[in-house]
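The structure appears below as structure tokens.
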Amino acid sequence: MKNLKEKEIRDKIIILQTEINKAKQDYFQNDNPYLSDNEYDSLVERYKKLIKKFPSMIPENDKTLGIGSTVISSFNKVEHSSPLLSLANAFSSSDVENFDESIKRFLGKDLCSDIQYAVEPKIDGLSLSLRYNKGKLILASTRGDGKIGEDVTHNAKTISEIPHHISNAPDILEVRGEVYILKSDFIKLNQSQKMQNQKVFANPRNAAAGSLRQLNSEITASRPLRFFAYSLGEISHNLVDNQKDLIVLLQKYGFKTNEEFYFCNNLRELMAVYEDFNQKREKLDYDVDGLVYKVNDFSLQKRLGARSTSPRWAIAHKFKPEESFTKILSIEIQVGRTGTLSPVAKLDPVEIGGVMVSSATLHNEDFIKGFDSSGNKIREGVDIRVGDLVSIYRAGDVIPKIKSVSLSERGKDSTPYIFPKFCPDCGSIVRKENESSIRCYAGLSCKSQVIERIKHFVSKKAFSIDGFAEKQISQLYDLGWIQSPVDIFFLKKKHGHTSDLSIKSLDNWGEKSADKLFIAIEKSKKITLDKFIFSLGIRYVGEVVSSILAKYYEEWEVFCKKMENLSLKNNLALEELLNIDGIGLKSVNELRLFFSNNESLKIIHELPKFIEIEKFQLKNIQSSISNMSIVFTGTLETMSRSEAKSIAEKMGAKVSSTISSNTDLLISGDSAGSKLKKAKEKDIKVITENEWLDLIKK
Ligand code: IVH
């Protein structure tokens, strides 16, 4: 009899364990919880009671109540061998002309000469990088943030258009391309999802992304995913020297490439292909949002290199956006991170190019009144009012915009929109900051601004703290638990499970979700300098500027000290900052404001006490000029200034535009003037263009 009871208890423990572990797996790994937080908590409570009563029956190494051990993020992260860049956009033929011209300028070519381009459709899917080792597929990774992606190898292998083996491939070969779904397959997929009461996808791109990022490869296998290849990543030895030959090679390796491939000898031919393709794109069975123009010659591509997020040698020429008509139901004002009041039109929902749209940006007060930022008329000066029938368009992924207003449909009793004089959130008086933007200056006393700042602070490109969306931030703000980013790092201590004011006992929270948040916060504590600078949410200090600053100052302590000096009217620090290429006056002003504001100073002095800001690691480039601060002056005969700068940076040097006490080397071209004089006065090493060429050849 006793034995039977013991067995019953043991079985109960095992069943509870299994259920709890499954729930954890669904929650943490599959992002698909099937139990509510309450149900889960009650399971845990029952389990705790049982093992308290019968401690001798707990199996050894029981991890049921632990969290860390079973938590893994859904997909492993992988660092790309070279970044997966995005493409700059051209929206008009003059944008394309500028692109062609800037290439010639960079290369120091005659503006009347011709550049050859490869042209491919830009299919709207998601990019995938495939790594082959001795011809065997060993890794498939998504783009992620461009530098670090997710390992989706198992899923990619289920796509029939992705070869698992390639014969005669170089030892290391990375092929990059796009995973996508045909329009016809998309319709069928949604029909079947609907029948099974499953999620219906908004468009083929979402369907492709959702299908590739499945934790269960069988689901991916059941989806009609396709892949076309268009470029290379790392490769152990060079095989072809232009894009046209690459496409042929990729086909030889067994990849599908897009049959719509064109070769153009010059800008004029590009324009003709664009017009032709625009006519037929509707008939294609895949969504194309533009054409990609790529400089055909790889040696030119190499010289042109890349800006921070996109190559100089390619551009996406977008097709005219689709548009639809709908009514404005109301105009709302959103208060942004830096206090700017942004008007948004709430629309009667309407479909544009397969996506439902229910709001559109109205930019600012002038835009509503019918003027641009220079005071010129837009929409022939017609204002925008609640109740108006308007045409809405979407250009690429950007927020929908209003193109025109149908005046004939405007009601007699319609009245012009009056922009608020007070912040709709905190009630303080708002002021016009410049020609176009109106701001609330209440800073951290304005709820919207705090929430937006914290949202920015925890966002993917900053601290990347998952499980912390607007709803949760707002809830904790209302309770007074987070008022500044610093409070985030005290949440576990002050509001952990044993606290009387615990997060887990709040509405919509439970032990699991609170734990998940605590883990994410813990994980975020190590952060790279560029992400940390970005996280501060300073105006005009976005991703690119943050990266430039991190690269230049390398360490937080150094950067912070120099920025604080700015506010003391320290001319040296100011001059140094302004001399960094890519840092403009607008960013400098905002940095100065930020680092002289007591509220922000308190935050940036506190934060480093709990977190580790990693030193910026210049890629270990060993060259004769690595880590040097160099300046170019005069005219260079053999290359443009931009190319010289790009080469110097690739060799690990920092390029400044003026001579300072930090300058190590001046490269002096023809008719050099004051900089040369200054360098000589300061005893800075000066070399000629020929010496520079020798240096870079080495
Ligand atoms: S070339 C560095 N070619 O568009 C060159 N990209 O906004 C970047 N895309 O991330 C890629 N079709 O996912 C290239 N024929 C094509 C493409 C293409 C679609 C996607 C790709 C990329 C994004 C850039």
(request) Scan region 443-471 for residues that are part of a helix (DSSP H, G or I), open to solvent by 50 Å² or more (accessible area, probe 1.4 Å) and closer than 25 Å to Asp515 by Cβ and jot them down. (result) Lys455, Glu470, Lys471
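Tell me which helices (runs of 4 or more DSSP H) are completely within region 593-686 and hold 3 or more residues being closer than 27 Å to Asn570 by Cβ, or say none if there are none.
Working: elements: 598-606, 641-650, 674-681.
Counting at least 3 such residues, we get 598-606, 674-681.
Taking region 472-491 as the region of interest, how many residues are in a helix (DSSP H, G or I), among the aliphatic types (A, V, I, L, M) and open to solvent by 10 Å² or more (accessible area, probe 1.4 Å)?
Kept after step one, since they are in a helix (DSSP H, G or I), are these residues of region 472-491: 472-478, 485-488, 491.
Subset that is among the aliphatic types (A, V, I, L, M): 473, 476, 486, 488, 491.
Checking which are open to solvent by 10 Å² or more (accessible area, probe 1.4 Å) leaves us with 486.
Residues in region 472-491 being in a helix (DSSP H, G or I), among the aliphatic types (A, V, I, L, M) and open to solvent by 10 Å² or more (accessible area, probe 1.4 Å): 1 in total.
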(message) Checking the conditions here, which among Leu250, Leu270 is at pLDDT 95 or above, on the phi < 0 side of the Ramachandran plot and away from the ligand (no atom under 13 Å from the Cβ)?
(response) Leu270
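Out of the residues in region 75-126 that are in a helix (DSSP H, G or I) and hydrophobic (A, V, I, L, M, F, W, C), which is farthest from the ligand (Cβ to nearest atom)?
Per the criteria, the residue is Leu107.
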(request) Would you list the strands (runs of 3 or more DSSP E) that sit entirely within region 305-376 and hold 3 or more residues that are open to solvent by 30 Å² or more (accessible area, probe 1.4 Å), more than 30 Å from Lys183 (Cα to Cα) and more than 16 Å from the ligand (Cβ to nearest atom)? (result) 323-335
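Just to verify a result, which residue in region 212-228, among those that are within 16 Å of the ligand (Cβ to nearest atom) and not in a strand (DSSP E or B), is nearest to Cys264 (Cα to Cα)?
First, pick out the residues of region 212-228 that are within 16 Å of the ligand (Cβ to nearest atom): 212-213, 225-228.
From the residues that got through so far, the ones that are not in a strand (DSSP E or B) too are 212-213, 225.
Details: Leu212: 34, Arg213: 37, Leu225: 30 Å.
Filtering first and then ranking leaves Leu225.
I'd like the full set of residues that are within 16 Å of the ligand (Cβ to nearest atom) and surrounded by fewer than 16 Cβ atoms within 10 Å (Cβ to Cβ), limited to region 147-182.
Of region 147-182, the ones within 16 Å of the ligand (Cβ to nearest atom) are 147-150, 152, 156, 159, 161-162, 174-182.
Lys147, Ile148, Glu161, listed by residue number.
Within region 565-597, work out how many residues are surrounded by 16 or more Cβ atoms within 10 Å (Cβ to Cβ), of a type outside the set (Ser, Thr, Tyr) and more than 19 Å from Ser656 (Cβ to Cβ). Spell out the reasoning first.
Step one: filter region 565-597 for residues surrounded by 16 or more Cβ atoms within 10 Å (Cβ to Cβ), giving 565-567, 573-574, 576-577, 579-580, 583, 587-588, 590-592, 594-595.
Then drop every residue that is not of a type outside the set (Ser, Thr, Tyr), which leaves 565-566, 573-574, 576-577, 579-580, 583, 588, 590-592, 594-595.
With more than 19 Å from Ser656 (Cβ to Cβ) added as a condition, the list becomes 590, 592, 594-595.
Count: 4.
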(request) Residue by residue through region 229-244, note down the ones that are within 10 Å of the ligand (Cβ to nearest atom) and either basic (Lys, Arg) or more than 23 Å from the chain's Cα centre (by Cα) (or both). (result) Gln243
(request) Residues being open to solvent by 90 Å² or more (accessible area, probe 1.4 Å), at pLDDT 75 or above and out of contact with any Leu (no Cβ under 7 Å at 6 or more places or on another chain): count how many of those fall in region 2-14. (result) 2
(request) Scan region 184-210 residue by residue and report those that are touching a residue at least 12 places away in the same chain (Cβ under 8 Å) and within 16 Å of the ligand (Cβ to nearest atom). (result) Asn203, Pro204, Arg205, Ala207, Ala208, Ala209
(request) Go through Ser127, Ser73 for me and flag whichever is polar (S, T, N, Q) and at pLDDT 90 or above. (result) Ser127
(message) Just to be sure I understand the filter: pairs with C-beta atoms under 8 Å, separated by 6 or more residues or on different chains, first member in region 147-172 and over 23 Å from Phe75 (Cα atoms), second member of a type in the set (Asp, Glu). Which pairs pass?
(response) Ile172/Glu234
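Is there a residue in region 511-533 that is more than 30 Å from Arg307 (Cβ to Cβ), of a type in the set (Ser, Thr, Tyr) and within 27 Å of the chain's Cα centre (by Cα)?
Within region 511-533, one or more residues are more than 30 Å from Arg307 (Cβ to Cβ), of a type in the set (Ser, Thr, Tyr) and within 27 Å of the chain's Cα centre (by Cα).
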(message) I'd like the full set of residues that are surrounded by 16 or more Cβ atoms within 10 Å (Cβ to Cβ) and acidic (Asp, Glu), limited to region 233-286.
(response) Glu260, Glu269
(message) Looking only at region 131-146, count every residue that is in a strand (DSSP E or B), in contact (Cβ under 8 Å) with a residue 60 or more places away in the chain and not small (Gly, Ala, Ser) and tell me the total.
(response) 3
(request) Just give me the residues in region 127-136 being surrounded by 22 or more Cβ atoms within 10 Å (Cβ to Cβ) and away from the ligand (no atom under 16 Å from the Cβ), in sequence order. (result) Tyr132
(message) Looking only at residues that are open to solvent by 20 Å² or more (accessible area, probe 1.4 Å) and modelled with pLDDT of 90 or more in region 287-300, which one is nearest to the ligand (Cβ to nearest atom)?
(response) Phe298
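Among Glu178, Glu161, which is touching a Phe, Trp or Tyr at 6+ places or on another chain (Cβ under 9 Å), closer than 21 Å to Tyr253 by Cβ and part of a loop (DSSP other than H, G, I, E, B)? Even if it seems obvious, please write down each step before you answer.
Values: Glu178 fails: part of a loop (DSSP other than H, G, I, E, B).
Of the residues listed, the single one that is touching a Phe, Trp or Tyr at 6+ places or on another chain (Cβ under 9 Å), closer than 21 Å to Tyr253 by Cβ and part of a loop (DSSP other than H, G, I, E, B) is Glu161.
The values are calculated or read from the model by the stated rules, or taken from the named source; none is laboratory data. From a predicted model like this one, the values you see are computed outputs, not experimental measurements. We place every Cβ from the backbone using ideal geometry, glycine too, and count neighbours over all the protein chains shown. Just so you know, the surface numbers come from the protein's heavy atoms only, side chains and all, with ligands and any DNA or RNA stripped out. Shrake-Rupley method; radii C 1.70, N 1.55, O 1.52, S 1.80 Å.
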